[in-house]
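The structure appears below as C-alpha cells.
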Protein chains: 2
Amino acid sequence: MAVSELFVKKLGVINVGVPLFYNDLLKQGVEVVNLEWKPPAGGNLQLIAALDQLDKAQDKVAEGNAEAFKRMNEAQPYLEGMGQAKEVIPGMGERMLLHAGPALGWARMSGPVRGAVLGAILYEGWADTPEEAEKMAASEGLITYSPCHEHDTVGPMAGLVSPSMPVFIIKNRTHGNVAYATMNEGLGKVLRFGAYSPEVLSRLKWMEQELYPTLKKGIELSGGIDLKSIIAQMLHMGDEAHNRNKSGTSMFFRIMAPLLLKTEVKRDVVRRCLEFIDSNDHFFLNLSMPTCKAVLDTAVGIPNSTLVTTMTRNGTDFGIRVAGTGRQWFTAPANYVEGLLFPGFTANDCNPDLGDSAITETSGIGGFAMAAAPAIAQFVGGSAADALQFSKQMYLITQGANSMYTIPALDFKGTATGIDVRKVIDLGILPIINTGIAHKEAGVGQVGAGLVRPPMECFEKALLALASNIH
Amino acid sequence: MAVSELFVKKLGVINVGVPLFYNDLLKQGVEVVNLEWKPPAGGNLQLIAALDQLDKAQDKVAEGNAEAFKRMNEAQPYLEGMGQAKEVIPGMGERMLLHAGPALGWARMSGPVRGAVLGAILYEGWADTPEEAEKMAASEGLITYSPCHEHDTVGPMAGLVSPSMPVFIIKNRTHGNVAYATMNEGLGKVLRFGAYSPEVLSRLKWMEQELYPTLKKGIELSGGIDLKSIIAQMLHMGDEAHNRNKSGTSMFFRIMAPLLLKTEVKRDVVRRCLEFIDSNDHFFLNLSMPTCKAVLDTAVGIPNSTLVTTMTRNGTDFGIRVAGTGRQWFTAPANYVEGLLFPGFTANDCNPDLGDSAITETSGIGGFAMAAAPAIAQFVGGSAADALQFSKQMYLITQGANSMYTIPALDFKGTATGIDVRKVIDLGILPIINTGIAHKEAGVGQVGAGLVRPPMECFEKALLALASNIH
C-alpha cells in the first residue's frame, strides 16, 4: 500500500485481547473489530508448563490419541439382551445402589439423587416407608453407593440402578466390552428426578414384571440391534440423541413391534408395552447413552492419550476421566445449567448439573451434534444458527470428525469427536452439553432444559495428571 | 465521495443484465459483480399486458389470494377411514382407470403409465394375459381413462387407481372436502412404475385382502389421525414428505401398531401388516399426498385468485390448475428430470416427469421444504446449502409462509406456500420439484431421483386465462 493512501482512506482498528480499548473506541464511534485473543491456558504458568511437557512428548500423545480415536470409530455396540442388574452388572453388590456421576455419599447428595435413593430402597423392599428408607440411606454401611460409570453402566439424571432393576445389555462387537442402562421411565414424576411416590414405584414394578420380560424376548429374536446405525440415522432425522430422541424411539419401536408379535407374550401385554414406548419420545435415550459408554470404554487406559472417556455429574460434582490416566477421576463442583425454565419455576428451583447423559457429548453427539437437531435449540433457548455454531466450535477441541455420525447441515461432516484435554486448556473452550434441569428438591421433576459447560478445573487437574504420566 | 478519491481508489464494476460485458471484464481480470437482471415476463409483451391487467385488478386478486391462502392454512385433513375406490371415489366408473397428471389416452401414454394400465386390467381380472390387456387398453371405449385429480384423488408416478383398489379416505375437518389415495406398494417392481409381473399383482391382491381390512379397522379405532400435525413434525425430523417419508412412516407405524392390537384381527396378520409398513420408508407418501390434495382443493374456484391448486404430470404432459380458473387445465410437454441415476442407467433410460406427487410442492412441502431435509439434497445430487437455497427461493413466488409447516434451519419460518402465477411469470422463477425418475419402459422401476421444474408454458397459459377472467 502506498503511504499516500493512508491519508485518503478511512482507517479501521483491530483490537487484540483486552476489550477495554475496544469498548472505548466503540463509544467514540470508531470502526473497530475485536479479536478475542487470550493467552494459552489463560496464562496459568503451571498449565503452560504441562502443555509444554505434553508437547515434547507429542509423538507419543499423537499415537495414543490416534489409537483412542480409531477404537471409538471402530466400536460396534449392539443391543444384545436384557437382564437384572444383580445378575449381569459386574461388581453389583447385594445392597448396592449405583448413581450418576463421580462417587459421593449420602451427606453430599443433592435433593433429586437422595429422592431416587429413597425410591430405590422402597422399590427393593429394603424399607417400607420413606422415613425408614431415609434412616437406612443415611446410615454408615447399610447401603453401598457406587458410580454407575465404575460398573460399565450409565444412567440419566440421578442414574439410580438397584439390584432388581432390569437393564439393557449392549455389547461392542468389535472389542467385546459391554455397557448397561436401565429402561427410560418417561417424563413427569419419575425416579431419575428423585420422585418416589407409589405411582413411581408401581410403574417401576410393572417395568420389571411385564415390560422387561417382553422386551427381553423380542431382543433375543432380533439377533442384536445395531445401535450406532440407529444413532447415525437419528442425526439425519432431527435428533441429537441426548435431549431429542424422537426418531430414535420411533425406529426402535418399528424394530420391536413385529419382533414382540413373534414371541409367545400375550397380545394385550405386547400392546401395553408398545403403548408405553410410544408414550415416551425419550425411550431411546437409555439406549443412546450405553452405546456411547460402550464406544468410549474402548479407549480407557490407552497410554498417553489425552482424549476424554467420561464426562458426568452427580448433582454436586462434575467428574471427567481421560484415556491416558485410566480410571482416575478429576472432579470439581458442578455448574448450574443456563436455559429455559418451565412456567412457574425460577433459577432458585434448579439443581446443579446432574446425570451420566453427558456421555453423549463425550462420544460426539448430544450438544456436539446440535446442528443436526435445530429443534433442540428452541427447547434450550437458542436459534438454529446457535446450534450450528456450537457444533462447529467443538471441532476446535476434538481429535477429529466421527466416521459414522454425520451432520446434514454441515454437508455431512462427521461430528466433532474425541475431546482433547490439551485443546480445551490451550484454547479455553469447554465442551458444550445440552441437558435437562432437575428441581433441587426430590421428586418435583424436570423444571427446564438448557446448556452447560463442565468446570475448567476438571480439565486442569486432568492435564497436570497427564503431563506427569507420560510413558 | 470526494472526486479525488476516484483517482486513488480501485474501481469496481457492476454489470446489469446481459452477461456479455460481465464475461469480457472477467477475462481481463477486472473486479466485477453481475446482477442477473431480466425484464419482467422475459420481455414477452402479451404476458406483460396480462400482468398489467391483473395489476389493475390488484385489490380483487389480493382478496382472492388472501382467501385461498387462509383456507389452505385452516384446512385440517384427518385420515378417517378406508374403502374400495368403486365404493368411495366420486365418479369412479365400472371400467374406469384413474391415472396421474392431466387427461391423456392410451395413444399418448408413456411406458410406465401403459405398464401400470396393463397391471390394473390384470389385477381387476378384466383380461387374463398382458396381450389381452393391451388390446383392451388400446381399444376405443372398453376402458375409460380419467385423471385422479378430477376425482379428488392423487397417485404417485403412474398413479393408477382401479375400481377394486383400497384407498385412504382423508377428510378436511374444517371445510368438509375429502381426498383419496391408494396405499404405497414399496420400492422395486411396483405398479406405479409400470410393473405388472405376477409378484406385483399378488402383492396388490394381498394389500386388498389382508392389509386393507386390517388398517381399516385400526383407523376406525383411532377416531381420525391428524395428518397435518404429522407432516409438521416430519419437517423437524429430516423429511420433506415427498422423497423422504421415513419419520412420517415411523410416526404412522407408532400410531397404528397399538391400534391394530386392539382389533380382532389375527396376531400373525397384524404382524405381517406391520412388517409390510416397516419395510417401506415411503409408506407415508400416500398419506402426505392426499393431505396436500385436501388442503389445496379448498381453494378451487376462488374468484380472481392467482394461486396454483394443482401441479401434476402424466409422463407426457405437465398440467397445472389455478384457484381463479377452477377446474381448467393448463398443460405443456413434461420436462426430463435432472439428477442422480442409479448405477447402470443413463439419461436415455429416463421417462419424462411423472406423477401426482408434485401436489406436495404445490402445498408448500416436498422441494419447497428441502431445507428441512438436507439428506434429500444428497439423494437428488446437491448439497445441504443447495437445499437451503431452493427453499429460500420459493418465497419469491409464493403468497406467504405456511402457518403449520416450519423449517428448523430457517429458524422455524413457515414453508413457502401458495404459488402465485403472477410472480412465477414476473420473475421467471419456476417452482422446484424433487422427484423420482421412472424408467421409460414399463416395469423397470425407478432409475434415479432429481430435480425438475414445470414448463413455463403452463404458467403463461394460466396467466392469460386469469387476466381474461377477472370478475
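The values are calculated or read from the model by the stated rules, or taken from the named source; none is laboratory data. Given the structure is predicted, the values throughout are model-derived calculations rather than measurements. Virtual Cβ from ideal backbone geometry, glycine too; neighbours counted across all protein chains shown.
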Hey, B:ALA75 surrounded by 22 or more Cβ atoms within 10 Å (Cβ to Cβ), of a type outside the set (Asp, Glu) and out of contact with any Asp or Glu (no Cβ under 8 Å at 6 or more places or on another chain) or not: yes
Any hit, region A:299-307, residues being crowded, with 21+ Cβ neighbours inside 10 Å, of a type outside the set (Asp, Glu), under 20 Å from A:TYR78 (Cβ atoms) and modelled with pLDDT of 95 or more: yes
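Taking region A:356-397 on its own, how many of its residues are among the aromatic types (Phe, Trp, Tyr) and within 14 Å of chain B (Cβ to nearest Cβ)?
The number of residues fulfilling the criteria is 1.
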Residue within region A:33-50 that is of a type in the set (Lys, Arg), within 14 Å of chain B (Cβ to nearest Cβ) and over 23 Å from the mean Cα position of the chain (by Cα) present: no
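Looking for whichever is surrounded by 18 or more Cβ atoms within 10 Å (Cβ to Cβ), at the interface with another protein chain (Cβ under 10 Å from one of its Cβ atoms) and not basic (Lys, Arg) here; the options are A:LEU287, A:LEU274. Which one fits? Show your work before the answer.
On the way: A:LEU287 fails: at the interface with another protein chain (Cβ under 10 Å from one of its Cβ atoms).
Residue meeting the stated conditions: A:LEU274.
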Given (1) more than 14 Å from chain B (Cβ to nearest Cβ); (2) free of Cβ contacts under 8 Å to residues at least 24 places away in the same chain; (3) in contact with a helix residue (DSSP H, G or I) (Cβ under 9 Å, 6 or more places away or on another chain), number of the condition A:THR346 does not satisfy: (3)
Unmet requirement for B:SER288, which otherwise passes all of (1) within 15 Å of the chain's Cα centre (by Cα); (2) assigned by TED's automatic domain parsing to the domain that holds B:LYS440; (3) of a type in the set (Ser, Thr, Tyr): (2)
Pairs, first farther than 16 Å from A:LEU79 by Cβ in region A:256-268, second of a type in the set (S, T, N, Q) and surrounded by 18 or more Cβ atoms within 10 Å (Cβ to Cβ), C-beta under 6 Å, six or more apart: A:VAL265/A:THR214
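Can you report the number of residues in region B:16-63 which are of a type in the set (A, V, I, L, M, F, W, C) and within 15 Å of B:LEU463 (Cβ to Cβ)? Please lay out each step first, then the result.
The initial filter retains those residues of region B:16-63 that are of a type in the set (A, V, I, L, M, F, W, C), namely B:16, B:18, B:20-21, B:25-26, B:30, B:32-33, B:35, B:37, B:41, B:45, B:47-51, B:54, B:57, B:61-62.
Subsequent filtering for residues that are within 15 Å of B:LEU463 (Cβ to Cβ) retains B:41, B:45, B:47-51, B:54, B:57, B:61.
Number of matching residues: 10.
Every residue, every condition in (1) under 30 Å from A:PHE412 (Cα atoms); (2) surrounded by fewer than 19 Cβ atoms within 10 Å (Cβ to Cβ); (3) aromatic (Phe, Trp, Tyr), yes or no:
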{"residue": "B:GLY344", "(1), (2), (3)": "yes, yes, no"}
{"residue": "B:ASN351", "(1), (2), (3)": "no, no, no"}
{"residue": "B:PHE368", "(1), (2), (3)": "yes, no, yes"}
{"residue": "B:THR417", "(1), (2), (3)": "yes, no, no"}
Any pair with Cβ under 7 angstrom, 6 or more apart, that starts in region B:300-320 at a residue that is over 16 Å from B:ARG422 (Cβ atoms) and ends at one that is of a type in the set (Phe, Trp, Tyr): B:GLY319/B:TRP329; B:GLY319/B:PHE330
Yes/no for B:GLY119 being surrounded by fewer than 16 Cβ atoms within 10 Å (Cβ to Cβ) and in contact (Cβ under 8 Å) with a residue 40 or more places away in the chain: no
Close pairs (8 angstrom Cβ cut-off, 6 or more residues apart or separate chains): within 14 Å of chain A (Cβ to nearest Cβ) and in contact (Cβ under 8 Å) with a residue 40 or more places away in the chain in region B:403-430, of a type in the set (Phe, Trp, Tyr) and surrounded by fewer than 24 Cβ atoms within 10 Å (Cβ to Cβ) anywhere: B:THR406/B:PHE412
Residue ranges of strands (runs of 3 or more DSSP E) in region A:298-365 with at least 1 members basic (Lys, Arg): A:308-314, A:317-322
Hits in region B:231-251 (condition: within 7 Å of chain A (Cβ to nearest Cβ) and out of contact with any Lys or Arg (no Cβ under 7 Å at 6 or more places or on another chain)): B:HIS236, B:LYS246, B:SER247, B:MET251
Selection count where residues are surrounded by fewer than 17 Cβ atoms within 10 Å (Cβ to Cβ) and modelled with pLDDT of 95 or more, scope region A:89-108: 8
Test: residue in region B:198-216 that is within 10 Å of another protein chain (Cβ to nearest Cβ) and of a type in the set (S, T, N, Q): no
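Criterion first (out of contact with any His (no Cβ under 6 Å at 6 or more places or on another chain), within 14 Å of chain B (Cβ to nearest Cβ) and not charged (D, E, K, R)) does A:VAL8 satisfy it? Steps first, answer last, please.
Values: out of contact with any His (no Cβ under 6 Å at 6 or more places or on another chain): yes; within 14 Å of chain B (Cβ to nearest Cβ): yes; not charged (D, E, K, R): yes.
When the stated conditions are applied, A:VAL8 passes them.
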Condition check for B:ASP278: more than 18 Å from the chain's Cα centre (by Cα), of a type in the set (D, E, K, R) and farther than 30 Å from A:PRO374 by Cβ: no
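Working carefully through the options B:ALA323, B:ALA257, B:ALA294, find the one that is over 20 Å from the mean Cα position of the chain (by Cα) and under 28 Å from B:VAL178 (Cα atoms). Spell out how you get there, then give the answer.
Values: B:ALA323 fails: over 20 Å from the mean Cα position of the chain (by Cα); B:ALA294 fails: over 20 Å from the mean Cα position of the chain (by Cα).
On inspection, the qualifying residue turns out to be B:ALA257.
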Residues (under 28 Å from B:LYS413 (Cα atoms) and in contact with a Pro (Cβ under 9 Å, 6 or more places away or on another chain)) located in region A:387-406: A:ALA387, A:LEU388, A:MET394
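Return yes when B:HIS282 is surrounded by fewer than 23 Cβ atoms within 10 Å (Cβ to Cβ) and more than 9 Å from chain A (Cβ to nearest Cβ) and no when it is not. Break it down stepwise before answering.
Details: surrounded by fewer than 23 Cβ atoms within 10 Å (Cβ to Cβ): yes; more than 9 Å from chain A (Cβ to nearest Cβ): yes.
Here the answer is yes, as B:HIS282 does meet what is asked.
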In region B:191-203, the residues that are of a type outside the set (Ser, Thr, Tyr) and over 19 Å from the mean Cα position of the chain (by Cα): B:ALA195, B:PRO198, B:GLU199, B:VAL200, B:LEU201, B:ARG203
Residue that is nearest to A:THR153 (Cα to Cα), among those in region A:321-367 that are of a type in the set (S, T, N, Q) and in contact with a strand residue (DSSP E or B) (Cβ under 6 Å, 6 or more places away or on another chain): A:THR362
Helices (runs of 4 or more DSSP H) contained in region B:1-75 and holding at least 2 residues modelled with pLDDT of 95 or more and of a type in the set (D, E, K, R): B:45-56, B:58-74
Residue that is nearest to B:VAL167 (Cα to Cα), among those in region B:180-213 that are of a type in the set (S, T, N, Q) and surrounded by 22 or more Cβ atoms within 10 Å (Cβ to Cβ): B:THR182
